[in-house]
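The values are calculated or read from the model by the stated rules, or taken from the named source; none is laboratory data. Everything numeric in this text was worked out from a predicted model, so none of it was measured. For neighbour counting, all protein chains shown are included, and Cβ atoms are generated from backbone atoms with ideal geometry for every residue, glycine included.
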Amino acid sequence: MNEIEIFEEALSEYKNAHRLKQLNEQLSIQLHGSIYYLLKYSEKYNLPLPNKSDLLRMIENADFIIDQFSYESPNLNTTFDKPSQSRTVP
């Protein structure tokens, strides 16, 4: 492999990683929005939700993950175990 081929392969890998990062961001935002809508809908119509605490935890985790998708300081090596801070939850 010459230098140009190595560069082209690295660029291709970067583009794939960037595309996957964007897909993950979109999926995280959709997850957050879906759970948030479900929680608000259940409150509006007084519908009991089993495992509501699990849903609240999921929305907090989604918030934390979404916050990691900062274009100013991308950090693909972040672990998403426990959020240290989260946005307001319903």
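If we keep just the residues of segment 34-81 that are of a type in the set (D, E, K, R) and under 13 Å from the mean Cα position of the chain (by Cα), which is modelled with the lowest pLDDT?
The selected residue is ASP81.
Output the residues belonging to segment 35-72 that are part of a helix (DSSP H, G or I), closer than 24 Å to HIS18 by Cα and of a type in the set (Gly, Ala, Ser).
The answer is ALA62, and nothing else.
Find the residue count for segment 19-33, including only residues that are over 10 Å from the mean Cα position of the chain (by Cα) and either among the small types (Gly, Ala, Ser) or surrounded by 16 or more Cβ atoms within 10 Å (Cβ to Cβ) (or both).
So the count comes out to 1.
Are any residues in segment 13-31 acidic (Asp, Glu) and either touching a helix residue (DSSP H, G or I) at 6+ places or on another chain (Cβ under 8 Å) or outside any helix (DSSP H, G or I) (or both), and if so, which ones?
GLU25
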